[in-house]
Amino acid sequence: MHVVIMGCGRVGSSLASELEAAGHSVAIIDLSREAFRRLGADFKGKTITGVGFDRCTDFAIAVGLVLLTLLPLGLRAAGVVMISVPLSLAIGLALLYLTGFG
């Protein structure tokens, strides 16, 4: 089996090592080249430094899935949720930042 793992932190590196030890072909992606040190010298899989996703495409897919989930509530309710939830998060983050917690 071919496996692609995004992120070479504690979970990603241990998963990559275990899958490779089980005989699978593994590629692991991380923004930091230093993160690959967690894999150890015996790791034979492919390491890729960079971003493992396309932000525009992923955002469009996420919005589509949320709309698909909310549409049974009705178009108006789906629209209200799609606007109010991100707005609430933005306000909350701004308040945390302004009060020194950010």
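A few notes on this one:
Matching residues to (1) at pLDDT 85 or above; (2) under 17 Å from the mean Cα position of the chain (by Cα); (3) surrounded by 11 or more Cβ atoms within 10 Å (Cβ to Cβ); (4) assigned to a helix (DSSP H, G or I):
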{"position": "VAL4", "(1), (2), (3), (4)": "yes, yes, yes, no"}
{"position": "SER14", "(1), (2), (3), (4)": "yes, no, yes, yes"}
{"position": "GLU20", "(1), (2), (3), (4)": "yes, no, yes, yes"}
{"position": "VAL26", "(1), (2), (3), (4)": "yes, no, yes, no"}
{"position": "ILE48", "(1), (2), (3), (4)": "yes, yes, yes, no"}
{"position": "ALA60", "(1), (2), (3), (4)": "no, yes, yes, yes"}
{"position": "LEU67", "(1), (2), (3), (4)": "no, no, yes, yes"}
{"position": "LEU95", "(1), (2), (3), (4)": "yes, no, yes, yes"}
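- Members of region 28-38 that are touching a strand residue (DSSP E or B) at 6+ places or on another chain (Cβ under 7 Å) and open to solvent by less than 100 Å² (accessible area, probe 1.4 Å): ILE28, ILE29, ASP30, PHE36
- Count of region 37-96 residues which are touching a residue at least 40 places away in the same chain (Cβ under 8 Å) and over 16 Å from SER13 (Cα atoms): 1
- Pairs meeting the criteria (first residue in region 15-36 and over 14 Å from VAL4 (Cα atoms) and without any contact (Cβ under 8 Å) to a residue 12 or more places away in the chain, second residue surrounded by fewer than 17 Cβ atoms within 10 Å (Cβ to Cβ) and among the acidic types (Asp, Glu), beta carbons under 7 Å, at least 6 apart or on different chains) are lacking.
The values are calculated or read from the model by the stated rules, or taken from the named source; none is laboratory data. Here the structure is a predicted model, which means the values were calculated and not measured. In this analysis, Cβ positions are derived from the backbone assuming ideal geometry, glycine residues included, and neighbour counts consider all displayed protein chains. Each accessible area value is taken on the protein alone, full model and side chains, heavy atoms only, with ligands, DNA and RNA left out. Shrake-Rupley method; radii C 1.70, N 1.55, O 1.52, S 1.80 Å.
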